[in-house]
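These notes are about the structure you will find just below.
Just so it is clear, none of the values below were taken in a lab; they were calculated from the coordinates. Everything quoted here is computed from the prediction, not taken from an experiment. Don't worry about glycine lacking a Cβ; one is built from the backbone with ideal geometry, like all the others, and counts go over all protein chains shown.
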Amino acid sequence: MPSSSGQPAHGKKIGHRGVDASGETTYKKTTSSALKGAIQLGIGYTVGNLSSKPERDVLMQDFYVVESIFFPSEGSNLTPAHHFPDFRFKTYAPVAFRYFRELFGIRPDDYLYSLCNEPLIELSNPGASGSVFYVTKDDEFIIKTVMHKEAEFLQKLLPGYYMNLNQNPRTLLPKFFGLYCVQSGGKNIRMVVMNNVLPRVVRMHLKYDLKGSTYKRRASKKEREKAKPTFKDLDFMQDIPDGLMLDTDTYSALVKTLQRDCLVLESFKIMDYSLLLGVHNIDQAEKEQQMEGSQGNSDEKRPLAQKALYSTAMESIQGASACGEEIDTDDTMGGIPAVNGKGERLLLYIGIIDILQSYRLIKKLEHTWKALVHDGDTVSVHRPSFYADRFFRFMSTTVFRKTSCDYIEIEKTIEILLKNKTRKTQQNYLS
C-alpha cells in the first residue's frame, strides 16, 4: 500500500516509480539520487554548450534535433567524473527550447543556477501517475518524468506550441523549458522541465484538480488522509458552492485566457487535461500566524520576483483584459486575489496541467464503455471539442464567478495587497 506521504511502500510500484530496500525512491530501477545527479550533469553540459553557439532564428528542422552525450563515471575529455552509473544524456530540440526560455525571460545563467547549483527537491506527494517530480530550491521549475508517448507527443506539438507562444506568451498552459532523456541501465528515463504552478513556500489551504466532469470526480478516502490532499470537482462544488469571486477585470482576463487556451488544446486534439488550483486563504493564514506567534520559516523565504516572465497565475492572465490597472505581483506573491462566499480573502494559484495526451484509440474505447453505463455528458474522457467546451463552461461559471468592482471584500483585498509592500507583511502570508 502507498505510504501516507504518497510514496509506494518498499516492494510496491506505482507505474515506474518504486522504493528500494533503503527507502529511496526509484524510477525504472534508477535511484532518485542517481537520476538527480544525471539531470544536473546533463543540463549543465547541454545548456553551457549551447550558450557558446550564436543565437539565430528557430528553423523547422530545429524541432526534430536530438543531441546526445555520454557520461562515463570515470569522466571524459568532455564530461566530469561522477559517482553514478554510466549514463547517456539526450537533449531534444535544444535551439527551440532555448527560444522558449528566452521568450519567458530566462537567461542561461539563471536556468543553470536554478537547476544545477542547488540540490533538487523531490516532491513527497507526487500523485497516482507513477511519475517522479522534482522542484528547484528557488521554487522556479518543476522536473517531471514522462512516458515515452508523452515525450513523443510533446515533440510533435513543438512547432504549434512555438507558434502559439509567439502570438501570446500569456497563457495558463504548461510552460515547457526543456525535454531530456537519461539512458541508464538499458532504460530510457524521459523528463520535462516546466514552470512551477504552486509555490512551496505559500501555504495552500486547499488544492484541487478540476476537469469539469462529475463522474467519479471526488477525492478518495486514501487521498483525503494525506497531509496535503488534492480534491476534485465534486469536492469543490461541495466545499465552495458559491465559487471563487473575482473583480470584473480579473474575471474577464481569466476567462479570455482560459477560452484561448481551450481553443489551442482543442486544435491539437488534446483532452483529459485539468486545471490545477491552489487556494491560499489570507484570513486563515493571519489567524494561524497569530496562533503560532512570531516563529516562522525565516530561512525559507519566497524570492521577491520569479525569474520567468508570465510565470505566475496573475502574470499569465494580465494583458488579456484591456481595462483595469495591473496588480503588483510581488504584493500578491503571484496569486490572483479573490474572495469566497464567506467573504474570506484568498490568493489563487492556477495552471492547466496534463496536456500531453492526444485523443488516441484507447481514449475512444474508454469513453465508449463508460458511456454505456453512465451519462455520456458526465464522463471526463470525451472528444476534444466537447471536452474543451465543458471544461471552459465549468471553470467560467462554477469555479470562477464575476462580481462587481465595488464589491467591498474584493476592493479591500486589492487595497491591502497594493499598500502592504514590506517584507514583514509579505512573510505573514507564508507558511
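Side notes on the structure shown:
- Total formal charge among the other residues, if their Cβ is under 9 angstrom from that of Leu120, Lys/Arg +1 and Asp/Glu -1: 0
- The slack between Asp389 and Met147, meaning 0.36 nm per residue of separation minus the straight C-alpha distance, is 84.4 nm.
- Full extension of the chain between Ser73 and Lys137 yields a length gain of 20.4 nm, computed as 0.36 nm times the residue separation minus the alpha carbon distance.
- Net charge over other residues, Cβ less than 12 angstrom from the Cβ of Arg190 (K, R count +1; D, E count -1): +3
- Ranked packing of 185-198, 84-97, most packed first, by mean Cβ within 10 Å: 84-97, 185-198
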